[in-house]
Structure formats: structure tokens, C-alpha cells
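What follows is a single structure, written as C-alpha cells, with notes after it.
Just so it is clear, none of the values below were taken in a lab; they were calculated from the coordinates. Remember, predicted model here, so these are calculated numbers, not experimental data. No Cβ is skipped: glycine too gets one built from the backbone with ideal geometry, and neighbour counts run over all protein chains shown.
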């Protein structure tokens, strides 16, 4: 998932018009202010116009896809001002402070998937119940469930999601004597991330010099966990990370990678990881839809036609956000209308066409046409089909308030101890557990 920041998505993803969307590293917009409307309620739009502010983090693509301009043409009495904060770890605490104060929020407020559980469990009364304003069946059921309280209030409308696939270098596979056909590979590891690792063992037996099968053990862990119904919390909000079947299975498969020679031992989104794409340091990477453009950018022209895409072992999700309307807003009726319009299937398809943000509304899938250049870059893989098939079968996952912190303890402490410091799997698990106890204050 997009953890504490909105991940970069790409210069040329698989849409009709391509552009880089980024949050953690590249292409991030600057923080444009405190998110409050001007004192007179106008944003320079002229007398009598209502200014609606939209608070986001990273690049959501609404401005880039021309949606704000389109909406203002449809509604001449509305002026839209977007307030962007680059990082979620800065953005969300600021939003929480303003929600508690009951003032200073934007009219429409973005909520990252890593923060939606906290918003649902502790801030629901601070948001308008949008479930009363829309037909929630337009969205994937698991996406709606993430933003819905136990008593049925839906506080956010889904924007994008991050269905998973496996991006692989077919030229490196061929040199290692492996199958290169995407359909046959997907069938080989279908339903089992351990089968994917088995392919890695075979790859390493005849790996081209200087290459590894996968970028990191942590990426395998996150991809596997992204398809598990149970993660770190149960449906009642209890912390169950150490007894979670999903966590244990994902940890075990990650340990097979970390204790072998098949990992390039790179930390995702670090400069060395970026360089790994260009140098061909690894043959596969678990890739949500938004990562395609990132791969294309970092691999460069030399990667064209060498990369291919196959279905992941299990349907899995990494990333996604929501739009909510704070009750403290001055223009709630108008804000609800804007949030509904921005997240409607037609508009989600337009954002996809600009920067490959994969829609959370299934009715948009049939009309998603990959850009010819991007399709060619990834060896003419049926990109929209692969990702839409994954999106439709992703399970509803339970997230908790400390979900991100627990995940970081496992990947950045536990797995790292094993992969980079040579500790045993048990030592890595114990190190993660100690960190998690500190996080939870136990």
C-alpha cells in the first residue's frame, strides 16, 4: 500500500495521455497553503462565486486531467482551489488537528488508505455521511467497506486503487533459461507466492551475471500481504499481528527470499532502487498498476520491449485513497456535489487516462484503453485486463490505527535484520515484535 506517503506513479503509465504522478519522490506538488478559503469566500473567481478548496497530498491528477476546469465550466458559480501537501505524514496530522478544532479544514479532504481506518474509527462524526448521497454499488465492495463505519456511515468516496501484478524482464528470464510467456508464468505461480519464489530459485541457478530475481524481500512480503484478508487487526479492532495467518504466510515467503541469494536487497524508492531498474539489477518486481510508469521512467528507453507483465499469484492491492467532506466546511452541499463528481466512473477514467490511477469503479474498466507506447513498452501485455481482473477479486481487508507502524516494524526492522544483517528468521521476527510493542506502548 502507499504507506506514509503517496507513491510515484509515472510519466507514461498505460493510459491515453501519460504523465508522472508522484508523492514520495518525483513530481510532487508543493504545499500551497493552509487549506482555508479566502476570508470573503472567493478565490479570485469573481463576485458571487463560491470557492471550494480541495485538500490533497501528492498528485491526485484532478488538475492535471483538467477536471477542475471542466467542473467550473459546468458550474460557473464555483471556483476550485487545490491545496496540496507533498507528504502524507505531514498532511494527515494537520488534517486531524483541524478536524478536532472544527475549523480550517478544506471543503473536500483526501484520505489515504493508511489513514482511513483512523478516520472511520475516531473521526467519523467530523465527516458527512456520503453513503446517503451516492449509490455505493458503483464502487468495489471492499473499497466501500474500508470507508464505512460499523453503523453504516460512509465517510469517504473511493478514488484510485493499486491492483497488483508481476512485472518481469523477459530478456533476463530467457537468458536464465526460464519460460517467458506471461500466461504460462501466471499459471505456474497462480494462488501461491511460494511458487513465485520457486521460480526465483530456478532463475538464480542460471541468473545472468550481476542480477537477482527480485528487488527485495520486503516487496514480496507487502505484495503477499496485500492479498490477505487478515493483516494486523481483526474486525473488532484487536491487534492480532503475531497470530495472523496472512502475516505469517507473507513473512514465511519473504524469509525464503531474505535468506537466499535471490534478492537485490534494495529499499524501494531509494536512489539505489531507481538505479536497479536502469542497470537490470533484478528480474522481477511486484507492481501495482500505478508503478508501470515509474518502471518505464527509471528503466528508460533501453527497457522498452524487455519488460512484460503477468498476473500476480493472488489478487492483491497496494494503494488507494478517498475523498471526504468535513462537517466543519462552509459549503458542504457544494462540496458533496464536487466529491461525487470527481469520484464518478467517468472522471476516474479520465484521471486514469492522464496518469494511470486505476479506478475503484468497475463500470469504468471496459473503457480503459492503454496508451500504445506504454503497451509496447511492456511487450503488448493486456494491461487493463490483468489489473481489472485483480481489482475485482481483492478481498476486503481490515486496517487498524497503527497498521502502518506495525508494517514498518516488520519490513524496516524485522526483514531488514535478516536480509541485510544476516540475522536468522527467528531473530528478525523477534526484532520486529520488540519494535511493535514499543509502537503499541505495551
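Rounded to the nearest 10 degrees, the inclination of helix 88-101 to the longest alpha-carbon principal axis of the chain is 30 degrees. Relative contact order, whole percent, for the range 49-197 stands at 18, derived from Cα pairs under 8 Å and 6 or more residues apart.
Rounded to the nearest 10 degrees, the inclination of helix 425-440 to the longest alpha-carbon principal axis of the chain is 20 degrees. Of all the options 170, 402, 209, the one that moves most in a Gaussian network model of the chain with Cα springs shorter than 10 angstrom is 209. Seen from a random direction on average, the alpha-carbon convex hull of the range 142-192 projects onto 5.5 square nanometres. Considering only beta bridges that DSSP places wholly inside the chain, some 60 percent are antiparallel. Expressed in units of 2.2 N^0.38 Å, where N is the residue count, the Cα radius of gyration of the range 162-217 is 1.09. The value of relative contact order for the chain, using C-alpha pairs under 8 Å at least six residues apart, is 25 percent. Averaging Cα coordinates gives a centre for the range 125-183 and one for the range 259-318; these two points are 20 Å apart. Protection proxy ranking for 210-221, 77-88, using the average of other Cβ atoms within 10 Å per residue and placing the highest first: 210-221, 77-88.
With the cut-off at 1.5 for a/c, could you classify the range 346-415 from its C-alpha gyration tensor as rounded, prolate or oblate? Judged from the Cα gyration tensor, the range 346-415 comes out prolate (a/c at least 1.5, a/b above b/c).
Taking max minus min of the alpha-carbon positions on each principal axis, the chain gives extents of 71, 53, 35 Å, largest first. Calculated on C-alpha atoms, the gyration radius of the range 281-439 divided by its Kirkwood radius gives an Rg/Rh of 1.05.
The packing ranking, built from the mean of other Cβ atoms within 10 Å per residue, places the peptides 172-179, 351-358 in the order 351-358, 172-179, highest first. Going by the alpha-carbon gyration tensor, a ≥ b ≥ c the square roots of its eigenvalues, is the range 193-294 rounded (a/c under 1.5) or, if a/c is not under 1.5, prolate (a/b greater than b/c) versus oblate? Judged from the Cα gyration tensor, the range 193-294 comes out prolate (a/c at least 1.5, a/b above b/c). Overall shape: prolate for the range 105-258, with the ratio a/c of the largest to smallest alpha carbon gyration tensor axis at 1.5 or above and a/b above b/c.
Calculated on the Cα set of the range 325-376, radius of gyration then Dmax: 14.5, 48 Å. Counting only alpha carbon atoms, the long axis of helix 113-122 and the longest principal axis of the chain meet at about 50°.
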